[in-house]
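Step one of this worksheet: look at the structure below.
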Amino acid sequence: MAALDQIQTFVVVMFENRSFDNVLGHLSMSRFGKRKDVEGLIDPETNLDYTNFLDAQGYQPLELKDGSLLHDLPHNRALVEAQLAKANGRYTMSGFADAYFRYTGSRVSDPPSMGFLAPADTPMSSFLAAQYAICDHWFAPLPADTQPNRSMAFSGYAPIDNTKPRPIPIVPESFIFEWLNARGVRWRVYHCGTSFFALFDGLHEEVLGPNFRSFRHFPADWEAESAAEMPAVIFIEPEYSDSPVHFGWTPNDNHPPTAMGPGENFLRDIYKLLTKDVEKWNRTLLLAMHDEHGGFFDHVSPLAISSPPPPGALYQVPFQSTGPRVPALVASPWIPPGTVFKGPLDHTSILQLLAEKFSGTPDYNEEVARRRKAGIQSVSALLAASLDRPRSDIPSPPADTIISPVALKGAPEPQIETESQQAFTAAAKDLLAHDRKRALEKYPELAHLPEAQPEPAPTATPR
Amino acid sequence: MEMGYRALYGAPRVLVLAPGAFAAALWVRKKDTERNMIDARRAAYSLLPLHDRLLVVAMLCITPWMTGCAQIKSFSVAPSTICPGETVEINWKASHKVTLQASPPVAGEGEGPAEGRRSIAPDRSTRFTLKVPGVLKSDQREWDVQVIPSQSARLLGGIARCDDARFVTTSFTIEQKDTSARTRAVSIVNHYQRPLVISKDAIEVEIPPNSATDRFKAVSLAGSWIIRTAVAQNETCDTALEAVRARLTITTQMSCGERVHGSP
């Protein structure tokens, strides 16, 4: 495969908690370009195929102006099940309004969970979709929240089915860092603030090690390093909204209630850096996706691919399907403008891709192989339609200012701490306890982490 | 280079730690209130004379107890749909004193006790917001009330099923807590390309495709409804279910009829 042979640097950016329809569903709408090749929303305000119900009241998708939301949205396993609303053997995708009410206790005529954004509010994502490739059947691997889905993304296994303030267990010999190390593949993580990888069990030495660098170093590294020195796999992490300390970074991970604007700015920054040097860009593949749908409506049913608990899992009931679709964009000069890849993908498609590139087989491990046999394709399938040679043009990203309502207006009043926020705080404390000096050198913002916390607050599960 | 090195913190706030003892102007971002307050307390504490330190300790001990993590345990507004002149009853239970706000403003909003009940008569569709402020964490919920005739169209329906081979059916109940007893379905619209049969009380009407009926104009919206559509000759119940995407929905135009004896 010509393009995959030529690509030497894979850049993976994983944002938080948005559904495909929330970010890119507008692409197929008549008032926003009417792309018939993309499976987005069609006449969402009147299309009865999308109606959600709460106490017999119907709710339609609605245009949501980007900005800080009043509440986070429901996305734990039980409430995702309510959102998928399986009936008569079908996932009806009709429970997003109901789950929002159950989770927030708020009953409004315009539940944000039914919201989609206009292209003006997702300018960078819309730009990449137009100029490179959009994957309109990329699913979160599991119908659950952040931690299980990120476990799948970075190991192919989910020993947990929920997000809790505890170290995330890792199935031995499955984690991406260990896998890359074993094959002599250079890799690096660029993080804004606290890295999500700090939440995984036993990764302290990696997270404090030389492969983890502040995103502030990325421009200089990218410019200075030769092809021989550059890492082959780069993970770029946003500033997580749930991080306990924000110092020098605005949350830009797209996690509600955080707005999309800062994340779109961040994605534009990354794209501009990667495309600065044509030679390096010609060897680069940028993958930008969201870890899970975050509680936002999506109209496409998940894939009926089950996931059994791996050995040592902290749950017993297998997952019966993937999660809902998430926005996923792939950019490289090897990709023609306006590409739409419709094959079934999930986060393990990245592991397949890396395994193909660095070990000659898509079967990263047993579970990834099982998912491949169940229908999940590799990202390399998208490259099957790649160009014979890299494009000579480098499209310029939108130059307009991207509104960042978080920074301009300030966040809503602090609300009850979620389990994800508690998990970040616990991981940061563990990191400090492991090696305070190195932790503060690597993550200086942790100096502002309060040592004493009030009594654990009840989680946001009203009603 | 438009990196994300933007200043984070919002407007400066003044934090008073103890009466007459110390005031610290801090750059505090709202979300970071808790941790910054603790940092600020620590910094300020070291500058205080001994007698004021005792005051600070006392304040630190009682503040979380007084205003720590606020929580709303329940909040409801009923009915959610009313006729002009009718009242809604608002009930709440929270950990601390609450603030009830309305948009647009109505008489009766304002501060209230941690647990309470209030009757309010909005003359327009209104969003009620209950807030429980806390220094460390606050909590908030919203509830919309629709006042007919300001927005009288309403989408009703539910998930459909194949109860027998001849029909795809859904049934649902509009509870009294959700609508005034005076609301009437003056018109019911069938948006589908297939006939719908609507049943309520003793009335059953077949509405042709893309048509409407006024046969329910004297019937209260509250109560149990059944919607069904026949499985066509070229369909199985399963394909008929797929054709309606496993849902059956109607649009009702609502109006306010006469007050029913015993109704609110």
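The values are calculated or read from the model by the stated rules, or taken from the named source; none is laboratory data. Note that the structure is a prediction, hence the values are computed from the model and not measured. Counting neighbours? That spans all protein chains shown, and the Cβs are built from the backbone with ideal geometry, glycine included.
Of the residues making up the range A:58-95, just one is surrounded by fewer than 22 Cβ atoms within 10 Å (Cβ to Cβ), touching a residue at least 24 places away in the same chain (Cβ under 8 Å), within 11 Å of chain B (Cβ to nearest Cβ) and in a strand (DSSP E or B), namely A:ARG90. Of all the residues in the range B:109-141, those that are of a type in the set (D, E, K, R), within 13 Å of the chain's Cα centre (by Cα) and surrounded by 22 or more Cβ atoms within 10 Å (Cβ to Cβ) number 1. Of the candidates A:GLU45, A:GLU39, the single residue that is without any contact (Cβ under 8 Å) to a residue 24 or more places away in the chain and either in a loop (DSSP other than H, G, I, E, B) or more than 23 Å from A:PHE266 (Cα to Cα) (or both) is A:GLU45. Of the residues making up the range B:72-118, those that are touching a residue at least 24 places away in the same chain (Cβ under 8 Å) and among the polar types (S, T, N, Q) are B:SER76, B:SER80, B:THR81, B:THR87, B:ASN91, B:SER95, B:THR99, B:GLN101, B:SER103. Is there a residue in the range A:173-186 that is at pLDDT 95 or above, closer than 17 Å to A:ALA427 by Cβ and crowded, with 24+ Cβ neighbours inside 10 Å? Among the residues of the range A:173-186, not one is at pLDDT 95 or above, closer than 17 Å to A:ALA427 by Cβ and crowded, with 24+ Cβ neighbours inside 10 Å, which makes the answer no. Apart from one condition, A:TYR100 fits all of (1) more than 12 Å from chain B (Cβ to nearest Cβ); (2) assigned to a helix (DSSP H, G or I); the exception is (1). Scanning the range A:293-319 for residues that are closer than 15 Å to A:HIS347 by Cβ, assigned to a loop (DSSP other than H, G, I, E, B) and among the hydrophobic types (A, V, I, L, M, F, W, C) yields a count of 2.
Hey, could you check the range A:226-284 for residues that are in contact with a His (Cβ under 7 Å, 6 or more places away or on another chain) and of a type in the set (D, E, K, R) and say which is nearest to A:PRO333 (Cα to Cα)? Across the range A:226-284, the extreme among qualifying residues is A:GLU237. Kindly establish whether A:PHE53 is within 14 Å of another protein chain (Cβ to nearest Cβ), touching a residue at least 40 places away in the same chain (Cβ under 8 Å) and over 24 Å from the mean Cα position of the chain (by Cα). The answer is yes for A:PHE53.
Within the range A:215-226, the residues that satisfy the criterion of being touching a residue at least 40 places away in the same chain (Cβ under 8 Å) and farther than 23 Å from A:ILE350 by Cα are A:PRO219, A:GLU223. Restrict the check to the range A:356-371 and report whether at least one residue is surrounded by 17 or more Cβ atoms within 10 Å (Cβ to Cβ), touching a Lys or Arg at 6+ places or on another chain (Cβ under 8 Å) and of a type in the set (Ser, Thr, Tyr). Taking every residue of the range A:356-371 in turn, none turns out to be surrounded by 17 or more Cβ atoms within 10 Å (Cβ to Cβ), touching a Lys or Arg at 6+ places or on another chain (Cβ under 8 Å) and of a type in the set (Ser, Thr, Tyr). The residues in the range A:227-277 that are basic (Lys, Arg) and either surrounded by 24 or more Cβ atoms within 10 Å (Cβ to Cβ) or free of Cβ contacts under 8 Å to residues at least 60 places away in the same chain (or both) can be counted, and the count is 1. Just so you know, in the range A:209-227 the residues that are in a helix (DSSP H, G or I) and farther than 24 Å from A:PHE247 by Cα include one that is nearest to the other protein chains (Cβ to nearest Cβ), and it is A:GLU223. Scanning the range A:233-270 for residues that are assigned to a helix (DSSP H, G or I) and either facing another protein chain (nearest Cβ under 8 Å) or under 24 Å from A:LYS65 (Cβ atoms) (or both) yields A:GLY261, A:PRO262, A:GLY263, A:GLU264, A:ASN265, A:PHE266, A:LEU267, A:ARG268, A:ASP269. When A:GLY25 is tested against (1) in a loop (DSSP other than H, G, I, E, B); (2) buried (at least 23 other Cβ atoms within 10 Å of the Cβ), exactly one condition is not met: (1).
Taking the range A:1-34 as the range and being at pLDDT 95 or above, of a type in the set (Lys, Arg) and more than 30 Å from B:GLN253 (Cα to Cα) as the test, only A:ARG18 passes.
Among the listed residues A:ALA224, A:ALA259, A:ALA220, identify the single one that is closer than 23 Å to A:SER19 by Cα and among the small types (Gly, Ala, Ser). One residue alone meets the criteria, A:ALA259. Looking at A:PRO309, A:PRO337, A:PRO302, just one residue is away from every other protein chain (no Cβ under 14 Å) and buried (at least 24 other Cβ atoms within 10 Å of the Cβ), and that residue is A:PRO302.
May I ask you to verify whether A:GLN352 is over 16 Å from A:PRO310 (Cβ atoms), free of Cβ contacts under 8 Å to residues at least 60 places away in the same chain, outside any loop (DSSP other than H, G, I, E, B) and not charged (D, E, K, R)? When the stated conditions are applied, A:GLN352 passes them.
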